[in-house]
Structures are given as C-alpha cells and as structure tokens.
Amino acid sequence: MIKLSLQDLDAGTRMDRERLRDEFSRFHCVLLPGFLDVRMGERIAKLVSSGGFYTREDFTRDGGVLARENALEASHPLATLMFILLNQPKLFEWVQEITGVGDRIRFFRSRVAEFKPRPEHYDSWHDDVCQGQLIGMSINLGQEPYERGEFEIRDAETQEVYRRIEKTRFGDAHLFRIKLGLEHRVQSVAGSHSRLSCAGWFCSRPDYRVVLKGMLASGAPTTVLKPHSASG
C-alpha cells in the first residue's frame, strides 16, 4: 500500500507501481486507498475545528459560476500543513513515474475544500488546463462518511466516463490526468455530512521552494513547517 507521512513516502513495490501505471494509462485516474497516514487524522480534525472557511467560487469564461464550495484561507495552519506534506520531491518523482507525465513536477498547488450537502455547493464539468497544471489529486480529510459526492472523469467529446470514485474514507486519495479533451467534476453531496478534502494539482511551475520562502517571509506557522525540510 502506498503511504504518505510528513517524514517519508512509502512508494510500494515495483508490482504496485506497474499496476498503478497500467490503470492510470487506461482510465486517466487511480484510487490510492489509505494514502495519507491515518495517524494524522486527529491532528487534521483539530485544525479543521478552528474554522477559517470562506465561500469560494470558480467562473466560466463568460462569467457564469462553474463551482462553489467552502475553502480554508491560504494562511490557515491546515493549509500550511498540507503544503508541506504534499511538496516533497520524492512524491513528485513517484507521481511522474505512475502517470508518465512529460514535464517535470516542481510544485503542488492545493486548497482544503468543503462541499456541504446543500444545493448551492456544486461542481460542473471542467478540465483545469492552465497555470502549468499537469496532474490532479484529491485526498479525503473527513472523519465522517458522506453520501454521493462522487468524483468522475470523462471524455469531453463522447462524454464516456472513464472512472468514478465513490465514498472514500479518511486518507484515501486519487490521482487524475489534466489534459485537453478530458473533463472532471465532483457530484453534489447528500445526507448530513460534508465532503472535506485537500484538492490540487502537481504543476511544472513555480518551484515549491520559492513558494515556501514566500510563506516563511509572510509569517506561516513555524510549528507546522518544522516536520519537513525544504532542502530536497
């Protein structure tokens, strides 16, 4: 099983990686059960309880609302923690191996997002092709099971759905391809619990060390930054 912690990435066996490469090649998406170390669950839940969410919207080219969710402020300690966790050179190399993406990964741009079971929270089909974004990833950070809220990826022209990811648990993640001709979305959530995730993109620019220096200069929480060095 592939496992990520603040200290290291367990990249799995060669057989694991070959299976994931084949699956990603065929379906443009792979599920990574238990990807995030479960021991981080309590720490993340405590940070989430401190608040800091705002309403975030994405827009279409003609000004319509493409998606709406709650997101954590970029300066929130949990957002900083996820930055450090996901900007590890070993993780970048592993993602390049699994996905076969040609450009070098230098940065993971992310946000912590909450989809509530409300009609005003939704996500429409889109492709995310911009700003050097190469591969998408989402990690379930929620402690409670949500209903619906499936991730889907499809062919934009034929509308054939290649993969549907349903009802993930805390720490489960999925990788998906960013490419013209591919679209993805998250379906609306139902029931009584929200869908909480860290979602973002492995990017060709900028270098994560440049971003980290800016975070430190702006006063990012040093207690969160200590567990992982940016020297790699």
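Laboratory data are not the source of any read-out in this text; all were calculated from the coordinates shown. Note that this is a predicted model, so its numbers are computed, not measured. Positions of Cβ are generated from backbone atoms using ideal geometry, with glycine treated the same way; all protein chains shown enter the neighbour counts.
With a cut-off of 13 Å between beta carbons, the residues surrounding Met137 carry a summed charge of +1, where Lys and Arg count +1 and Asp and Glu -1.
Taking a Cβ cut-off of under 11 Å around Cys29, the surrounding Lys, Arg, Asp and Glu residues balance to a net charge of +3, with basic ones at +1 and acidic ones at -1. With K and R counted +1 and D and E -1, the other residues having a Cβ less than 15 Å from that of Phe107 yield a net charge of +4. Taking max minus min of the alpha-carbon positions on each principal axis, the chain gives extents of 46, 40, 34 Å, largest first. Sorting 119-127, 46-54 by their mean Cβ neighbour count within 10 Å, with the most densely packed peptide first, gives 119-127, 46-54. Using a/c under 1.5 as the rounded threshold, could you call the stretch 1-74 rounded, prolate or oblate? The axes a ≥ b ≥ c are square roots of the C-alpha gyration tensor eigenvalues, and prolate needs a/b larger than b/c, oblate otherwise. Since a/c reaches 1.5 but b/c is at least a/b, the shape of the stretch 1-74 is classed as oblate. Cross-link reach is defined here as a Cα-Cα straight distance under 19 Å, omitting same-chain residues fewer than 8 places apart; for Lys213 the lysines meeting it are Lys226. For the peptides 152-165, 96-109, residues were scored by their other Cβ atoms within 10 Å and the scores averaged per peptide; the highest-first order is 96-109, 152-165. In the stretch 102-229, a dipole from Cβ-located charges (positive for Lys and Arg, negative for Asp and Glu) runs towards its positive end, and of Gly102, Tyr146, Leu180 it is Gly102 whose Cα lies farthest in that direction.
Taking 0.36 nm per residue of separation and subtracting the Cα-Cα distance, full extension of the segment from Trp125 to Thr158 would add 10.5 nm. By the rule of a C-alpha distance below 16 Å, with chain neighbours fewer than 8 residues away ignored, the lysines paired with Lys116 are Lys167.
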